Amino acid sequence: MTRRLSLVLALLAVGLSALALADSVYQKPPKEILDLMLAPGLPDAFLAPSRTTLLLATPVRYPPLADLAQPWHKLAGRRIVARNRSLYDAPTWSAFDLVSVGDGAVRHVALPAGARAEAPEWTADGTRFAFSLITPDAVELWVGEAASATARKIPGVRLNPFFGAPFQWMPDQRTLLVRSVPQGQGTPPTQPAVPAGPDVKETAGGSASSTYETRDVLTSDFDEALFDYYGSAQLALVDAATGKPTPIGKPALYFGVSPSPDGHLLVETTHRPYSRLTTAARFPREVDVWDRGGNLVKHIASLPLAESVPIWGEPTGPRGHEWRATAPATLLWAEALDGGNWNTKVPHRDRVMSWKAPFDGEPVEVLRTEQRFGGFWWSATPGVAFVLEYDLIAHWERRFLFDIDTPGATPRKLWDLSMDERYKDPGYPVFRALPNGSWVVDQDGDSIWLRGQGSSPSGDRPFLDRFNLKTLSAERLFRSDTQALESFMAWVDRAKGQFLVRRETPTEPPNYFVRTLGDPIPDAAEGEAQRKAAASRQVTRVPDPTPQIRGITKRLVTYKRADGVDLSFTLYLPPGYKEGTQLPAVMNAYPLDYTDPRMAGQVTGSTQRFTTFDWQDHLYFLLLGYAVIDDPALPVVGDTNKIYDTYLEQLIAGARAAVDKAVSIGVVDRDRIGVMGHSHGALMTVNLLTHTDLFRAGIARSGAYNRSLTAFGFQNERRTLWEATDVYVKVSPYFHAKALKRPVLLIHGQADANPGTRTIQSELLYEAIRGNGGQARLVLLPFESHGYSALESNEHVAAEQIAWFDRYVKNAPPPPAKSR
C-alpha cells in the first residue's frame, strides 16, 4: 500500500511538474493560426511627393523576443535601447520595393540581410529617400536613389533618435539635418552601489495634473545622468550626394530642430532642473533661432519647468513654435489666455503670435481663438491660411479661412461641427509639397480639394470633393462604390484628372490604381448627385498573403439600444457557415464617449475592407468554428463633465442590445458567448462579466480595473477621484470583485508604457478575484508594453486565448437557468 501510494504521489508530482512547465514556457497556437501569424504582412506604401514612385515596405510583423530583451532604459517618456540607442520596440520594415506609378514597373532595393529599416523620407522631387537602419550597435543613416533603386550607408554617422526623428531634409532637398551621437562621448554612467542620498520630492501647490503626463518618469540621480548621456546629440548637415557630415553647434539635449523655408534653424534644447513627476515634454527649454552655420540669430523664449498643468490643459507661456510654410523665416506660436485651464471662462482661450526674421522689434499678435488653437494648414496662395480650433469638453471643432498678412483680418468660418460627426464630415484638404519640402493645401484659384472617409448608414464610402472657398460649396468628383473600398491618395496629374486610389475588397488585398475623372455616372443605389469616375489602371499587384481565410464572410448589422440609440456591429462568420446554425461567439469591443446620441449611432468602417488578421487576433476564432461580433457600438453618451455617472448602465444596455441582436438573427448561441477587449475595452470586459450574465467568460488585456490608481482622470473623465469618488468606485470592477464569478483571463505586458494601465492593475485584480473565490488566470508578458510585439508573445497570447474560450465558452456545459 505504501509503495502504491508512493507511486501515485510520484506520478502526481510528475504531472504537476509538467503543468508548471507548460505554464512557464511559451506556447504556440494551432497550426492553422500559426500559419496566419507567420504569413507575410501587407506592405506599407510611401508615396514620393512627386507622385511618380511608390515605395512598398514589408513590415516586420513580429520581431523576436530577443530584440525586446536587450537592456533598455525608460527615461522621462523615452525608452531607449542601451547598446545601439534605437527607440525601444520601434516599428521596422525588412524590405523596400520601388514601383513606378507610370507603368507599374517594380525594382527591388537591396538592403542588408535581416534589415530592420525605419520609415523612409522622400525628397520633394522624388529622386532620393533617406531612412535609418537599426543594427546591433548603432542606428545608421542610409540614402536611397530612386533612379537606380539602390541604397547606401552614410559612413561615420550614428543617429540619435532619443527626442524624435533623427534626420530631415533641408530646404535645398540635397542636405540632411541630423541628430547624431556625439563623437568621443565615452561610456554611459554606471549605477552607484550605494545611493548618494534619499529620494526626495516636494510640491509647492498648483493645479492637479493628468495621470497621462507621468509615463516612465525619472526616479533618481542615476536616471538623470542617463537622460543627459542618451539624450545628448550633435547636430550636423550631411551632403546626401557625398555623405560628408558637417557638425554645427555643440552637443546638447536637442528636444526639437526644424529648418525654415530659407534654411534658418529653430532649435529647442532642454536642460535641468528635471522633474521626477512628469515627462521631458514639460522640462525647461530654450527656444532659439540659428543660422545654417549654427550661430545664434535670436533667442526666442525660455520655457520653465511645467509640473502643474491643469488636466487636459496646456502650460502657460509660448508653446508649439513652428515655421510658417509660405514665408522665408517667420515663426508662429500659441499662448494660453485662460491659464491653460478649460474650466476658466474667457472670451478667447488662445492667441497666436508671429515674429519675422531678422526678429527685430517685438512679436506681433495675429489671431485670437475662442477655443483652443489647433494649428494652421497653409495654402500656397500668399497669406491664405486655414485655422483650426477645438473644444475637447464639447467634442467640437471649427475651421476658418484667414488672411494672415492682413492686419485685423477676421477669420471666415468654413466648418463648425462635432468632432464625433461622421456622416457630414467635410473631409480634409489635399496637400502638395513645395520644391523646398514644405507641405501646403493644394489650391487652384478659388478651389481646393477635400478627401474624406464618407461614413454613411451603409458604411464608409471614401470621396473626393472640389470645394469653392468663395461660395463654400462642394462638388463631388469621386465616391467609392459599394462593391469595393477605394480611397483617394493623391493627384497624379490634376490637369488630366488622374489620381491614385487604394482599392480593396473582402477577397482582394489593397492595391493601388490610377483613376481618371470621366463622365458622370448615376448612383441609383443612393439616389444622390452624380459621381464621376472612369476606367482605372492598376499600379501595384500585391498578392493575397493568406488565401486560406477567403471563405470568411462578414455583414453589417444595425439595431437599436433600449433607449433608442442606433447601434451597429460587423458580424464575421467562419468559412463554410450554414445559415441557421447557431455558433459559439466572441464579442470584441472598445466603448467610446459621445456628447450627442445622434453621433453615437453613426456607422463607421466598411464590410468591403480586405479581411486580414493583422493585429486583430480575436478574428483567429473564426477558423475554430466561432462567429465574431466585431466592434459593436457601446457608446457612453452625455455631458462630458459627468459622462461616467451613467457609464455602467449604458455599457450594459449596449452589450445587451448587441447580444440580443446577434441571437435574434439565428447565428449566435446565447449560452456560448465570450467577451474580450484591450485597454479601455478590458475594463469593459471585466465590468460586463461582473454586472451581467450575458457572457460565459472573458479575456481582458492591458486594462485598468481600479480607477483610484488613475486618480487624476481617465478616458474623458476630467474629475479627480476626490471630486467624484462614487464614480471611480462604480466603474472599477476591482471594488466589486466579490460579484465576479465568470472566468476571466487577464493578460498584461510587464513593461506597459501607458501610465493609466500599469501592470499592477491586472496583478491586483487577480488577487482580488482569487481572494473572493472567483476564476481567473493571469498571464504577464516579459518585456511587452501596452501592445504586444514579439513573435513568442503573440503566439503565446493566441494559444492562451484559444484555450480559454474553448474551455469556458465553446465546450462549456449548459449554464444554470438565468434571468434576462
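The values are calculated or read from the model by the stated rules, or taken from the named source; none is laboratory data. In this text the structure is predicted, and so the values were computed from the model without any measurement. We place every Cβ from the backbone using ideal geometry, glycine too, and count neighbours over all the protein chains shown. Just the protein is used for accessible areas: all its heavy atoms, side chains included, with ligands, DNA and RNA removed. Shrake-Rupley method; radii C 1.70, N 1.55, O 1.52, S 1.80 Å.
Numbers for the structure displayed
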quantity	calculated
Solvent-accessible surface (1.4 angstrom probe) belonging to E32, in square angstrom, nearest 10	80 Å²
Tensor-based shape of segment 526-632 (alpha-carbon gyration tensor, a/c under 1.5 rounded, otherwise prolate or oblate)	oblate
Solvent exposure of segment 367-446 as accessible area per residue, Å², 1.4 Å probe	44 Å²
Stretch gain in nm, segment F222-A281, where the contour uses 0.36 nm per residue and the Cα spacing is subtracted	19.3 nm
Accessible surface of segment 586-717, 1.4 Å probe, proportion on carbon and sulfur as whole %	48 percent
With every protein chain in place, segment 438-522: carbon and sulfur % of accessible area (1.4 Å)	46 percent
Calculated FRET efficiency for the pair S24/S664, C-beta based, R₀ 56 Å, to 0.05	0.80
Virtual spin-label span in nm between S148 and M419, 7 Å along Cα→Cβ	4.9 nm
Sequence ranges 693-703, 356-366, ranked by mean other-Cβ count within 10 angstrom, highest first	693-703, 356-366
Euclidean distance between Cα centres, segment 608-677 to segment 725-756, Å	19 Å
Proximal lysines relative to K28, as straight alpha-carbon distance under 21 Å, when same-chain residues fewer than 8 apart are discounted	K810
Sites N343 and D726, calculated FRET efficiency, Cβ-Cβ separation with R0 22 Å, nearest 0.05	0.60
Computed label-point distance, nm, for sites N811 and S447 using a 7 Å Cα→Cβ extension	6.4 nm
Among 617-629, 274-286, the order from most to least packed when residues are scored by Cβ within 10 Å on average	617-629, 274-286
Virtual spin-label span in nm between S473 and A66, 7 Å along Cα→Cβ	6.6 nm
Residue-normalised accessible area of segment 231-364, expressed per residue, 1.4 Å probe, Å²	41 Å²
Under 29 Å from K730, Cα to Cα: lysines that are on another chain or at least 8 residues apart	K560, K642, K661, K738, K741, K818
Once the Cα gyration tensor of the chain is diagonalised, semi-axes √(5λ) in Å	43, 35, 30
Span-like helix ranges in the chain, DSSP H, alpha carbon extent 18 angstrom or more, Kyte mean at least -0.5	2-24, 647-664, 791-805
Carbon/sulfur fraction of accessible area - segment 335-407, other protein chains in place, 1.4 Å, %	53 percent
Segment 458-497: C-alpha gyration tensor shape, a/c 1.5 cut-off, then a/b vs b/c	oblate
FRET efficiency estimate (nearest 0.05) - Cβ-Cβ, K560 to D671, R0 35 angstrom	0.90
Relative packing of 742-752, 194-204, which averages over residues the other C-beta atoms within 10 Å, highest first	742-752, 194-204
Accessible area of segment 681-819 divided out per residue, in Å², using a probe of 1.4 angstrom	35 Å²
Sum of -39500 (n - 2.57) over DSSP H runs of 4+, divided by residues of the chain (222 nm, nearest 500)	-4500 deg cm²/dmol
Extension reserve of the L778-E579 stretch, reckoned as 0.36 nm per residue once the Cα distance is removed	67.9 nm
